[in-house]
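Each remark here refers to the structure printed beneath this line.
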Amino acid sequence: MNKNLGKFLLLFLALWHVEIFASTYVWHVEADKKTAFVNEAIYLKYSCEFSDRAELYSIDFNPVAENEEYSLKLLSQTTKIEDGRKIVLYEFVVFAKRAGEVKFDFDMAMKKSNRDSIENMIIGRDNIQVEQFSTTLVHQESIAVEVKEIHTDLFGSLDMQIKKDAPKVKAYEPFHMEITLKGVGNFEALKPYEFSIVGVKIFSEKPIENVTLTKDGLSGEWSQKFAFVGEKDFEIPAFSFKYFDKNEQKIKEVHFEAIKVEVSKAFSKEELIEVDENEKSFLKLEYFYYLLTFIAGFLASKIKIKKSVIPTKDEIFLNKIQNAKSLEELCMLLVLKDSKKYSDIIFKIETKEITSLKKAKELSILLMEY
């Protein structure tokens with residue numbers, strides 16, 4: 001009896017404390033700008049300040065992230081206790097997709113533990129089917145931003161850099177180039193570069209993004225690597241890109257001149273694939289020796305005739321693969337033999353995906369059988 005009386009007394013005090021000292025809260029809404037350009041980052045901050053530690057409260061705030069008007073990204077969500085008061089902060093970065101007035105008005109749910117949940121916690125009841133929270137829907141203050149057109153998909157503060165080999169290579173030796181864009185902007189709008197040069201085999205990697213979301217937008221870099229393989233001199237055409245500069249507030253164009261690559265003669269196919277002159281001379285001498293042996297055997301009838309075995313082109317090519325001393329030498333052999341058939345291995349060697357000479361040889365030999 002005394003034990004039950006103690007539980008009910010504790011329950012009464014808990015409920016009395018909740019009713020008398022109930023938490024109150026206030027929402028604050030901020031935007032870092034009232035006007036913006038299409039694809040420019042707009043920073044939104046939503047903060048909820050409680051009158052106390054508000055242990056009984058939780059918040060459901062999940063605004064629509066993507067629609068026809070904007071793209072919304074969560075920058076951070078933090079909860080802290082300051083001077084005995086609970087403060088919950090939500091930070092978003094939003095990118096408007098169209099010109100005109102764009103409004104941001106979101107709803108969230110304030111959830112508070114009800115009396116049943118407190119009773120269950122104190123008394124220790126299990127398997128309770130009733131709702132443990134009371135929910136209040138809160139409509140946030142509407143924020144309107146006037147968005148201006150920019151007539152280009154790319155917005156930010158960007159700089160382009162080109163890394164390239166010396167423009168002098170041997171035939172079938174790759175010329176490497178890398179395009180890098182650095183700065184702050186909507187990197188998602190960037191599309192892979194494509195080159196087309198007659199007589200030149202072009203290998204390109206998928207672009208790599210290394211960016212971080214900030215109040216000003218996506219910050220970091222975007223890069224794409226290329227390898228150009230040709231038999232004679234070629235030219236990589238001039239290329240450029242346009243973007244709306246956030247600092248100067250105008251469209252800017254970054255232009256790069258064409259790159260002329262001088263290609264010097266390398267080994268010929270005959271030198272790399274066919275039997276070389278020393279081998280031919282050796283075979284001629286060998287035939288003469290066997291002829292003498294045949295005559296001597298015919299006369300003596302004691303010496304057996306030996307047959308010479310002439311290696312096939314595939315056997316010669318296999319031998320050259322096995323004797324290749326570097327990935328570069330192996331790559332050149334594959335390009336000259338059949339660049340289409342061995343394109344996958346060539347690409348993986350050029351892009352450093354394959355760094356083991358042994359593995360590259362095994363894959364090349366395996367592909368010979370198909």
Hey, what do the phi angles of the range 147-157 turn into as Karplus ³J(HN,Hα) couplings, whole Hz, using 6.51/-1.76/1.60 and θ = phi - 60°, x for Gly and Pro? 10, 9, 6, 10, 6, 7, 7, 9, 10, x, 10
Rank by packing, highest mean first: peptides 330-342, 25-37, with packing defined as the count of other Cβ atoms within 10 Å averaged across residues. 330-342, 25-37
Assuming R0 = 22 Å, can you tell me the calculated FRET efficiency for the pair Glu178 and Glu262, based on Cβ-Cβ distance, to the nearest 0.05? 0.65
In order over the range 73-80: 3J(HN,Hα) from phi, Karplus 6.51/-1.76/1.60, θ = phi - 60°, whole Hz, x for each Gly or Pro, gives 10, 6, 8, 6, 9, 9, 10, 9
Can you give the FRET efficiency for Gln249 and Lys352, using 1/(1 + (r/R0)^6), R0 = 35 Å, r = Cβ-Cβ distance, to the nearest 0.05? 0.25
Run through the range 39-99 and list the GluC sites (Glu not before Pro) located in a DSSP loop whose Cβ has at most 13 other Cβ atoms within 10 Å. Glu55, Glu68
Would you mind checking which residues have amide H under 5 Å from Phe239's amide H? H placed 1.01 Å from N; only 5 or more apart, or other chain. Phe256
15 Å beta-carbon shell around Lys242, net charge (K/R +1, D/E -1): -2
Greater than 22 Å apart at Cα, pairs in Lys73/Lys242; Lys265/Lys320; Lys232/Lys337; Lys320/Lys341; Lys265/Lys352; Lys191/Lys252: Lys73/Lys242; Lys265/Lys352
Computed ³J(HN,Hα) along the range 257-263: with the Karplus parameters 6.51/-1.76/1.60, θ = phi - 60°, integer Hz and x for glycine or proline, the list is 5, 4, 10, 8, 10, 8, 10
Listed by chain and number, the residues whose amide H is under 5 Å from that of Thr214, excluding neighbours fewer than 5 places away on the same chain and using placed H, are Ser219
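Rule-based calculations on the coordinates, nothing more; no lab input. The shown structure was predicted, so the numbers you read here are calculated from the model rather than taken from an experiment. When we count neighbours, we look across all protein chains shown, and the Cβ atoms used for this are built from the backbone with ideal geometry, even at glycine.
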